[in-house]
Number of protein chains: 4
Amino acid sequence: MNRKLNIFRTSIFGLMLLPGLTFGADVASSPWGSDDEIGRLNLITPESRRAALQNLNPAVTYDLSVEYFIGMPSWQAAGDPHFQIWMTHTPKGTKVDDPLSVGDRQNDRVSYSGSAFSMYAHTGTHIDALNHFGLNGKIWNHFSAAQYLGDRGWQKTGAENIPPIIARGVLLDVPAAKQVDELSPGYRITREDLEKTLVAQDTVIFPGDVVLIRTGRMRHYNDAQRFMENAPGLGMAAARFLAEDKQVLSLGADNLSFEAFPSEDANNYVPVHTYLLAQQGVTIMELVDLEQLARDRVYHFAFIGTPLKLRGADAAPLRPIAIPYADAE
Amino acid sequence: MNRKLNIFRTSIFGLMLLPGLTFGADVASSPWGSDDEIGRLNLITPESRRAALQNLNPAVTYDLSVEYFIGMPSWQAAGDPHFQIWMTHTPKGTKVDDPLSVGDRQNDRVSYSGSAFSMYAHTGTHIDALNHFGLNGKIWNHFSAAQYLGDRGWQKTGAENIPPIIARGVLLDVPAAKQVDELSPGYRITREDLEKTLVAQDTVIFPGDVVLIRTGRMRHYNDAQRFMENAPGLGMAAARFLAEDKQVLSLGADNLSFEAFPSEDANNYVPVHTYLLAQQGVTIMELVDLEQLARDRVYHFAFIGTPLKLRGADAAPLRPIAIPYADAE
Amino acid sequence: MNRKLNIFRTSIFGLMLLPGLTFGADVASSPWGSDDEIGRLNLITPESRRAALQNLNPAVTYDLSVEYFIGMPSWQAAGDPHFQIWMTHTPKGTKVDDPLSVGDRQNDRVSYSGSAFSMYAHTGTHIDALNHFGLNGKIWNHFSAAQYLGDRGWQKTGAENIPPIIARGVLLDVPAAKQVDELSPGYRITREDLEKTLVAQDTVIFPGDVVLIRTGRMRHYNDAQRFMENAPGLGMAAARFLAEDKQVLSLGADNLSFEAFPSEDANNYVPVHTYLLAQQGVTIMELVDLEQLARDRVYHFAFIGTPLKLRGADAAPLRPIAIPYADAE
Amino acid sequence: MNRKLNIFRTSIFGLMLLPGLTFGADVASSPWGSDDEIGRLNLITPESRRAALQNLNPAVTYDLSVEYFIGMPSWQAAGDPHFQIWMTHTPKGTKVDDPLSVGDRQNDRVSYSGSAFSMYAHTGTHIDALNHFGLNGKIWNHFSAAQYLGDRGWQKTGAENIPPIIARGVLLDVPAAKQVDELSPGYRITREDLEKTLVAQDTVIFPGDVVLIRTGRMRHYNDAQRFMENAPGLGMAAARFLAEDKQVLSLGADNLSFEAFPSEDANNYVPVHTYLLAQQGVTIMELVDLEQLARDRVYHFAFIGTPLKLRGADAAPLRPIAIPYADAE
């Protein structure tokens, strides 16, 4: 582990003196300037990328994305669209419709399949952009809905601004540290849980790391109802520990809504989201599949995640991968 | 260049003896067995990944994806859905609707934005899965629509099967080799064009490379009508050269439909697609943004592309990146 | 009642000698010829319309349609899309986006609202076209899916062929006749139930009538889960009684799926649908709101229903109305 | 014609003393009270319905709706979704997918077809609700977007409030009066055009009538591009004549956007819409097919139109019908 420590200390140290953010009742101003739209993702630099991609051992790579299919778990409490996919062209249908006016001979020979899909942007493995939750009508860096929210999304901090996320990644397997298969329904992860997990795993979080938190809920992904109901998730103290003490680049978890419900704040039904997104500039990944990493006890890795550039969107699907380091054993 | 040559020769040589494929009038059987669903992507191995990710210089990384927005260019000739994005939650609307029944105080405080989107799967930067085009009712490896095509997509070779594509990538900047800004409308790229480009660039294609062909059409991405009309694209001889002589892993281009129209085959309106997908097992990427790579003359790079795992789909969007090699200068 | 009897006997008698249909294991040939696409709706004639629209008393008219809204009950068992509606233009968003390039002054002055919606065609008050269910690959009148089903719907018997349905309508308030508020969950309506209801109501069904069957399930429309679960519905004997003995024009009910489940036929999960649509040429309306008619004991009325002309569709929403007759008291 | 005159004078006279509306720079207060959501549609009463439905001759009825299909003309200038329809269940696909888990035997026997569709609410024959256009952030009767516009539509004046429209209808065949087949592209209909048409047709408009204006543009419905481009439409003076002098119930036309463009008002890109909807409480129907009525010279008729009850929507599709009067000859 020593060598990795050095790599990151050397290359990122100095960049990580994140200026103190003012937070509390309102959204924060970005330390990266009044036009900043990506918050902590500014920590990605040539040096941080170089450090993150050193000493890779890609013999095994980890696919951290779930599949998209009709009936998959998704955020449904507020009436959002379920994932749908449908065929717009099939070999037989193309012959009947002949949409390209090429006639039977070609339609018999060329077997054309085409499909379309629709989804809430927060479906499947995805990242929340900084505009997903704000406070009092404003989002991260004081951009206001009144000025920047159109009918096609936000003109500020939309998913198209998120750069390819190339960084060192850390898995925190909380249930493993607690010696259970998965956290119990509704369990709220504490700061102490995270500290204990770091010790149990002999893991260090460096400033600028992507930190992925396993709750174990992904074990039930194929049972949508069970997956969605009353998931364990992060609490506020744990979020502060990661965002402030550990200066993470971005956070992720394997559940549907990252934080635990009901909220710890009577005036705010999603305090962890508003804290991370609007006050700390920390993007959040949800439905990240961490089961294989956990099984193989891969706690440090290069994380590569490239969200779809949906202009103006408050989230975008991505299929991140984890590549272990050569010195991980 | 010598060192790179050696790296790849050493690490990939031996894997690349692709068994001869039978093709012609019908789809091909996979050399990887009767249950193969990914064709050439089988060439991705621990060794090929290791080779592809050696000696990276990620000081600059290249984002090869276009943005998704209302009005973007898309395949529309056959009536497919245009890209749409819409808000399902806004700070003001949430207060009016109160979909989560949290009341005015919380809705005033928490500013919730949510969006949804829909698209034809072949919209924006995407990869065609092997089931996109077949011949005579069958796709790659003889899977038949009658047996495997449901109303939610194909049960064989769907996009969810595509592994993370980690490979050496090669840019072929055909217009640069021809000393033009972009190929003329409808221009059909020949085998000779590709050979000349390889020489002009001093580039070698190794078996298992992802080869990305620049036509220059991406210069007009913001003028959807101009982008879509009569694009230059690949011809059959060029496709054969890449698939058979060069044993590529996957192919891509910066235009809408990869191949040039009208077709060279009177019985087949998309012969390059059916040849690559159904007879060679070669997936095809379209709308890959190659402008910056071309500007910087980066002709070799690590290619990392992770298509969304849309179960059963004949295509999936992806946001690929290119990472230059340290020895590229 | 006598006068009504005479009106209809005089005007429709003669038209109603519906030729015997061959049914059983297969779909039926239409008695209206090999190109018929509307089945029993052929019974609508100038004379039948005239009879249906005589002696109207439109002091009160009845709106038989439910509302469409996010979260409404809908057919979901097979993964079909839930009803969605969303704003594509709002006064504030239009100012931010300026999609028509008219500038702030006009966008401030003109407050533009636009919305879009999507739904499974069988959502809300709707009519099943004859192509909704067939037998052994064919629908009513032997049109085969192989020949006529494209990717955009059926080229035969699609909803666009359904004429405006103007006919005498009859309400059968089965729970009222059984002196209950609503039929119990899963209750299967028998022929005897219908006969008893006719007597209880002092109602006569004439050939060519639209017959609407109340189960009482509509009382729970605002509780989607309760509305959808295990509804009471028609049984086969009752369907035969209406289709053959009574020679109805079209049928409707207030529940989600018209017939009761589980099916009475081990080889057919929707025997009432296939019987009515494919063997009798009888279209089926579902989610028809009959509560007010029942409350006012209006058992005979002019029925006017005009389904949206969705080309190729197997169903279409409609908002039917009932207009009482002057001699109904 | 005399008898009809009497019918309407007798039955509607007295109801029609529409209180003076204040209009000009702002939206109007409704004369029907501060909670009114339907404007002029309040003129529909038991008496007006009775008058409208007297002396019908339904030997021929007129279907005033266009068909919905992929590629149909639609409002596209501001990026709104084109009409889409797709299959969610097909006989073959159901066998492959088995979404209801009934097995091959039943899936072979029962041939299931299901489809879904999506559209901008202003697609095909439709009615604009009063919330479609307002002034300065408010709509008809001073309902403000700030208070009543949620993410699922308006809580005031949504399409679900529109009653079944049963009224006397009048066709104004303007091109016929001008002895042309259709009005020229971009032609703006004047008050004089309407007055001349009334004389040419020997037609009287009574207060509370639905008035449908033919431009002839519907002749090109099957050529979407031609249909959409630069249609003839109503001018402001003509709109005032109908709304104020003639006290119409609702208006309609056969073109895409009712009014002619470019606007007559430099500060308002849709002055006829804002005037009718927000200042006069007059709903507007578009894409009404008037060709057959015109061919048969049926200028007076019972109009029956029942828009889908889309909760909160600013428009709804409807399939209106016209039933001639017995004394029309």
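The values are calculated or read from the model by the stated rules, or taken from the named source; none is laboratory data. Predicted, not measured: the structure shown is a model, and the values here were computed from it. So basically every Cβ, Gly included, is an ideal-geometry build from the backbone, and we count neighbours across all protein chains shown. Note: areas computed on protein heavy atoms with side chains; ligands, DNA, RNA excluded. Shrake-Rupley method; radii C 1.70, N 1.55, O 1.52, S 1.80 Å.
Taken residue by residue and averaged, Cβ atoms of other chains lying within 10 Å of the Cβ of D:316-323 number 5.
Partner lysines whose Cα lies under 25 Å from the Cα of D:K246, excluding those fewer than 8 positions away in the same chain, are identified as D:K4, D:K178, D:K196. Computed over neighbours whose Cβ is under 9 Å from that of D:H89, the net charge equals -4, Lys and Arg +1, Asp and Glu -1.
Would you mind counting up the charge near D:E264? Only other residues with Cβ under 12 Å from its Cβ, with Lys and Arg at +1 and Asp and Glu at -1.
My count for the surroundings of D:E264 gives 0.
Distance from the axis that maps chain D onto chain B is least for the Cβ of the chain D residue given, with the whole Å value, as D:H82, 3. Which percent, nearest 5, of DSSP beta bridges in the protein assembly as shown are antiparallel? Of the beta bridges lying entirely in the protein assembly as shown, close to 70 percent run antiparallel. Taking every residue in C:69-80 and counting other chain Cβ atoms within 10 Å of its Cβ, the average works out to 6. Between the alpha-carbon centres of region C:98-120 and region D:148-224 there is a gap of 23 Å. Of all lysines in the structure, those lying under 25 Å Cα to Cα from D:K138, and not within fewer than 8 positions of it along the same chain, are A:K138, B:K92, B:K95, C:K92, C:K95, D:K156, D:K309.
Extending 7 Å from the Cα toward the beta-carbon at both B:E195 and D:K196 defines two label points whose distance is 7.3 nm. Shown in residue order for region A:134-139 are the 3J(HN,Hα) couplings computed by the Karplus curve 6.51 cos²θ - 1.76 cosθ + 1.60 at θ = phi - 60°: x, 10, 6, x, 10, 10 Hz (x for Gly and Pro).
Specify whether the C-alpha gyration tensor of region D:90-208 places it in the rounded, prolate or oblate class, a ≥ b ≥ c being the square roots of the eigenvalues: rounded for a/c under 1.5, otherwise prolate if a/b is larger than b/c and oblate if not. Verdict is oblate for region D:90-208. Shortest first, B:R219 label-point distances to identical copies amount to 4.5, 5.8, 7.3 nm, with the label point at 7 Å from Cα along Cα→Cβ. Restricting attention to chain D, close to 65% of DSSP beta bridges with both partner residues there are antiparallel.
For chain D, what is the mean residue ellipticity at 222 nm derived from helices alone (per DSSP H run of n ≥ 4: -39500 (n - 2.57); sum divided by total residues; nearest 500 deg cm²/dmol)? My calculation for chain D gives -5000 deg cm²/dmol from helical runs alone. A cut-off under 9 angstrom between Cβ atoms defines the neighbours of B:R191, and their net charge, with Lys, Arg +1 and Asp, Glu -1, is -3.
Basic side chains Lys and Arg get +1 at the Cβ, acidic Asp and Glu get -1 at the Cβ, and with that the dipole of the protein assembly as shown about its Cα centre reaches some 0 debye.
Please state the shape class of region D:213-295: rounded when a/c is under 1.5, otherwise prolate if a/b exceeds b/c and oblate if not, all from the C-alpha gyration tensor. Here region D:213-295 falls in the oblate category. Distance from the Cα centroid of region C:261-283 to that of region C:49-78 is 24 Å (rounded to whole angstrom).
Across the identical copies, the label point of D:S144 (7 Å from Cα in the Cβ direction) is separated from its matches by 1.5, 6.6, 6.7 nm, in order from shortest. When the alpha-carbon atoms of the protein assembly as shown are used, the pair Rg, Dmax equals 32.4, 103 angstrom.
Within 10 Å of the Cβ of each residue in D:117-128, the mean number of Cβ atoms contributed by other protein chains is 5. Restriction of the trypsin sites (Lys or Arg not before Pro) in region A:259-309 to DSSP coil positions whose beta-carbon has at most 12 other beta-carbons within 10 angstrom yields A:R297. Could you work out which residue, out of B:A253, B:A52, B:A266, moves most in a Gaussian network model of chain B, that is, has the largest mean-square fluctuation with Cα springs under 10 Å? Sorting by GNM fluctuation, first place goes to B:A266.
Overall, region A:121-197 carries a charge dipole of about 300 debye about its Cα centre when +1 sits on the Cβ of Lys and Arg and -1 on the Cβ of Asp and Glu, all other atoms neutral. Across chain D, the fraction of Cα-Cα pairs farther apart than 38 Å, rounded to a whole number, is 18%. If you average the C-alpha positions of region A:238-255 and of region C:234-250 separately, how far apart do those two centres end up, in angstrom? Value for the Cα centre distance between the two parts: 65 Å. Ligands, DNA and RNA aside, D:E264 has an accessible area near 100 Å² when probed at 1.4 Å. When only the Cβ of Lys, Arg, Asp and Glu is charged (+1, +1, -1, -1), the dipole of chain B relative to its Cα centre reaches about 580 debye.
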